[in-house]
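Input: a single structure, listed below in structure tokens.
Derivation of every value follows stated rules applied to the coordinates shown; laboratory data play no part. Quick caveat, the model's predicted, so the values are computed rather than measured. With ideal geometry, Cβ positions are generated from the backbone for all residues, glycine too; neighbour counts draw on all protein chains shown.
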Amino acid sequence: MTNSSKDPSGGGPDGAATPIATGSRSGRRPLQIGKGWVQAAGLVFLTGFFVVVLMGYLTYQSSPPIPQRVVSTSGQPVFTGQDVRAGQDVFLRNGLMEYGSIFGHGAYLGPDFTADYLHRSADLVRAGYGAAGSDTAAQRTRTDFKTNRYDPTTGVLTFSDAQTAAFATLTAHYAEFFASPAGKTGLRPAAITDPTQIRQLTSYFAWSAWASAADRPGSDYSYTNNWPSEPLVGNAPSAHVVLWSVLSLIALLGGTGALFAAFGRWDWLGWHGRDQHELRFREPQRVRLTASQRATAWFFLTMTVLFLIQTLVGAASEHYRADLGSFFGLPLDHWLPYNLVRTWHVQLSLFWVSTSFLAAGVFLVPMITGRRDVKGQHLLTYTLLGALALVVVGSLLGELAGMRGAFGRAWSWLGMQGFEYLDLGKLWQLLLTVGMIFWVVILWRGLRKRLRAESRANLPWLFFFAALALPVVYATGLLARHDSGYTVTDFWRFMVVHLWVEDFLELFTTVMVAYIFVLLGVVREKVALRVIFLDIVLYSAGGVIGTAHHWYFNGEPAAVLGLGAFFSAFEVIPLTFLTVEAWSFIRLGARQEARSASDFPHRWAVMFLVAVGFWNFVGAGIFGFLINLPIVSYYEIGTALTANHAHAAMMGVYGMLAVGFAVFALRYLVPKDSWSDRLASISFWSLNVGLAWMVFVTLLPLGILQLYHAVDVGYYDARTLAYVGNRTNTLLEWLRLPGDVLFIVGGVGPLLWLAVRGALHRGRHHDLPDQDDQHLFTEVQHLEPAEASAAGSITGAAT
Amino acid sequence: MTFEAAFMIGYANVLLLIALGLHRLGRVNTSPWSSRALAGHQRRHSDDAPHDGSPPGDMGPDHDLPAWPHGEPRRLHTGIAMIAATAAMVLVVAAMVRHHATAEVLLLTATGVAAGALVARLGNALRTAESLAIHARQRVRRQRH
């Protein structure tokens, strides 16, 4: 028996760099899977978005009204709708959503200002009505807050005299809190001193507290489905909160059973191997890179630098939770207050992950097409890098200056726009969107000829469509305006935070991973296509409508709560499935490595994919579902359990993926003698151990304790600085230190070293073959001697 | 007993159970020729099953020496189990520094000893898995040559 090798295209058209064999009258290569897949995916996708549009309509129709005027029973003006809107501006401009939260949404150090105002004002009102144990006083307090005295015809909201008095007292309280020269709150000392701004800010808090307590017209629960829990005003979980929690559990159990039943019945679903053909992996250093691919080395270096900075500012923000007083004796809050470092931490997480995704897209195009770059492609790639650097640096400095009052009326354009995850000024947000469109143009230029020859549901088109969806969905975030009502802005904000990050990045990721496996010869195109379309069906069924699980208590009607709870339960199902499938990725890699005559070059890139599978299940699946039930979310929103989910899912899934893409590309960019599997191994283990330490030692126990406190004592109390800084919490926060140090030094450090090597060499290898060849493997055929002699004359490439 | 000490003892014990569970999970054979979860795959590719009973390409004849990546689940699970057990030990030690009532000291010590024993055992398992993985890779390379 002898071996012969052939081009991967030899066995027929595939997703890898292949000559196209067209088989349709249009001259395009026909669809590689059944039309039913495309129709099912299209139907579920459109249904999901129809419901989202419907929820958008409900958002605009049913969000809590902002009254034109608020007056006391005796007719004295308290504040106006203009004050509320201006207060929202003050809140956003000063980055207070990155310090505390409003309607439960925002950061976790400072208080939730809705719950804070509600509790403090209810306490003052009850004290005004009688002694602490007085039933009459308690009943009158509940009546004051629960009765909706807003008149939609006149736009006038009437506060009781006791509520009016509480407003005046609390204006003084917030003046003291925000103007405190001593600091020690995590904010800059004397952060807000203007009495007008303080009054506007207090009006905003007062309005949010009113919406969270006053009964929605025609209902016996508030605009926020009775959130937050506050016994003083009679806020307790509504029937909807309990009912949809139960139905959500049933959806999860039923859906998981149905999915596994389907996989048992149709065993061709999921990842399966590239038959039993033997592959010979091309050494990465034998693959001639194009100029645009070589340019991505700078992207990966930028990515790791941004990653490093993100971890450092994250460590600074964590220090505030361990010690509010100072940073080892230094008054950090004077220069880098908590809300600034937290803003940077959140923004940089999106920036560095996006940088890796953008670079990976550019890197893959020549491998997909098997062609050299089109003219000027590398120049456009460098231009994209420059644009990215401009947006990153501009937006981060804008946030710093914006929080300090720069830019005047242009604050929301150039400075701190202030919505968590959409903190960057509108100009930077717009430029980032344009940059992503520019990136899609780069991909289009490279793919154009290939796309012309392909059916629109084959892999190259799916790759292009998944990329195109990123700027399109991100652009919806531009509709979050600082002068809209909070509920409306939150609707658009979560188009980015959830729909863009959790669904469309997930889709792009699936397509990229599938394509990489096809390019490596690990799976056939048909298998990859089936997996992608199955993912579209599963994510669209749960993830699109499931966006509403962020809107349980922000002023949306109960119908949105029900839809969010029920459909977001389905989000866990594909995550469970993907975890099972993660080992199939590896199984495929293993079979090929064991059969291959050469080493599998992407061992550590694949290991990062394994980590993605693990954290997808633990971080997104378990920790996500832990806080997903409305009844749990009711007490835990804005606590450390949310941070626990956010870190395990964002870093565990998208972070590990971004690093995995970087390691895949760096394997080609770094010369053989400079590449170190050991460094990749150290980075892999340090990132995973550091993340696990962060979760198990600090965030999870902190979250459990805080949830218990919120149920036992009250949500307001569980969000106070006094609670956050208590002895037990402080101990748990300090215990996080070793894991964080390991994460930064052992995890990011080696990665940075490899990225530097990649940027220095940029794929200029010494022993490159003469001809261009982007194939990453060759298929080895085992032939009987008689066949071999015949085949040898055909392939002419015996190995 | 203070709430903090009780919480630390309870949470540390949960972490130890998680560690044991993860370690056990890591020992499950992930080969498509052995896993019941992949019975469908085995049926479809039954022709590829080795005649000598050893799984093709995935495992060597000696099942104690799994080829890459079938050594990785064991290492990954055992590694994360060890982090959980170490975390339990650190939490218990930190709690012991602050709580000195007799019942607290007894329970914290018992939990700490259990955690220490588990860390030691997992450390050994990790080293064994590591050397098995190295042997497996060397074996694959030898087979190639």
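All C-alpha to C-alpha distances of the range A:413-515, sorted into 5 Å bins beginning at zero, yield P(r) values of 3, 13, 20, 21, 16, 11, 8, 6, 3, 0 percent in whole numbers. The calculated FRET efficiency for residue A:261 paired with residue A:31, based on their beta-carbon distance and R0 = 30 Å, is about 0.60.
Remark: mean inter-chain Cβ contacts per residue of B:87-98 equal 3, using a 10 Å Cβ-Cβ cutoff to other protein chain atoms.
For the cross-link pairs A:146/A:184; A:449/A:526; A:35/A:426, the ones whose C-alpha atoms lie over 32 Å apart are A:146/A:184; A:35/A:426. Applying 0.36 nm per residue to the separation of residue A:151 and residue A:219 and subtracting their alpha-carbon distance, the gain on full extension is 22.9 nm. The convex hull defined by the C-alpha atoms of the range A:389-448 has an orientation-averaged projected area of 4.3 nm². For chain A, hydrophobic long helices are taken as DSSP H runs at least 30 Å long by C-alpha position along their axis with mean Kyte-Doolittle hydropathy of 0.5 or more; these are A:35-62, A:239-265, A:291-322, A:338-369, A:377-403, A:426-452.
Placing a label point 7 Å from the Cα of residue A:375 along the Cα-to-Cβ line, no residue of the range A:428-447 has its backbone N under 13 Å from it.
When its C-alpha radius of gyration is set against 2.2 N^0.38 Å (N residues), the range A:348-413 gives a value of 1.54. Distance between the pseudo-spin-label points of residue A:622 and residue A:169 (7 Å out from Cα toward the beta carbon): 4.6 nm. Packing here is the average count of other Cβ atoms within 10 Å per residue, and on that basis the peptides A:86-96, A:139-149, A:318-328, A:364-374, highest first, run A:86-96, A:364-374, A:139-149, A:318-328.
With both labels modelled 7 Å from their Cα along Cα-to-Cβ, the residue A:404 to residue A:39 distance reads 6.3 nm.
One quarter of the convex hull surface built on the alpha carbon atoms of the range A:422-480 amounts to 4.2 nm², the projected area averaged over directions. Pairwise over distinct Cα atoms, reciprocal of the mean inverse distance: report the Kirkwood radius of the range A:39-150 in Å, one decimal place. Evaluated over the range A:39-150, this radius sits at 17.7 Å.
Peptide B:75-83 has a mean shielding of 4, counted as Cβ atoms of other protein chains within 10 Å of each residue's Cβ.
Shown for A:456, A:445, B:74: other C-beta atoms within 10 Å of each C-beta, ranked fewest to most, produce the order A:456, A:445, B:74. The orientation-averaged shadow of the Cα convex hull for chain A, equal to a quarter of the hull surface, comes to 35.0 nm². When the square roots of the Cα gyration tensor eigenvalues are ordered a ≥ b ≥ c, the ratio a/c for the range A:98-256 is 1.5 or more and a/b does not exceed b/c, which makes its shape oblate. Selection among A:683, A:665, A:633 by position relative to the dipole of the range A:610-723 gives A:665 as farthest towards the positive end (Cβ unit charges, Cα centre).
A protection proxy built from the mean count of other Cβ atoms within 10 Å ranks the segments A:404-411, A:389-396, A:750-757, most packed first, as A:750-757, A:389-396, A:404-411. Using the average count of surrounding beta-carbon atoms within 10 Å as a protection proxy, the listed peptides B:1-13, A:490-502 rank, highest first, as A:490-502, B:1-13.
Applying 1/(1 + (r/R0)^6) with R0 = 30 Å to the Cβ-Cβ distance of residue A:249 and residue A:434 gives a FRET efficiency near 0.10. Simple spin-label estimate for residue A:559 and residue A:711 gives 3.2 nm between the two label positions (7 Å along the Cα-to-Cβ direction from each Cα).
Based on the reciprocal of the average 1/r between different C-alpha atoms, the Kirkwood radius for the range A:453-512 equals 12.5 Å.
Mind pulling up the Rg/Rh value for the range A:604-757? Radius of gyration and Kirkwood radius, both on Cα. With Rg and the Kirkwood Rh in hand, the quotient comes to 1.08.
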